[in-house]
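These notes are about the structure you will find just below.
Just so you know, all these numbers are worked out from the coordinates, no wet-lab data involved. Remember, predicted model here, so these are calculated numbers, not experimental data.
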Amino acid sequence: MTKKVLKTIKDPNLRVYVVWLPILRKDNEGRVPKAAATVSDIRATNYWDGEKKLARDFAETLEFTDKSQPAWDIYLVYGKDTKWETTAPKPNYWMHQLEDFPKDNKLDATKLSKEIERYLTTNE
């Protein structure tokens, strides 16, 4: 999905931060280079969150009902002036691939690309 969005949006100001974390039993830091190769774009930076700290922070930021459920398979959009302090800031827009979440935020690459482009061309 990220690859499709990166192909659609050519703006060099776009920054993508991909965070990999252990969700499936076979997920581990050693698998990150191969996974990161699927998002090989100079605007993308890949990270490993082996302790799921950022994923738990996002679960809180996004107000997940079950705070023990890490936020994963989510796509967050932030404006240019977003400041990161001690906790993850609330995104301007987000989509997901999770069950039991609002259908209007279900991942759609075309819709996500349009939202990202909108934030790249405004001062929001």
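A few points about this structure:
- Take every Cα pair under 8 Å whose residues are at least 6 apart in sequence, average their separation, divide by the length of the chain, and the relative contact order is 24 percent.
- Hull volume per residue, based on the alpha-carbon atoms of region 2-121 and their convex hull, is 114 Å³.
- Note: relative contact order over region 19-80, using C-alpha pairs below 8 Å and six or more positions apart, is 31 percent.
- Taking the chain as a Gaussian network of alpha-carbon nodes connected by springs under 10 Å, the highest mean-square fluctuation of the residues L98, L24, L107 belongs to L24.
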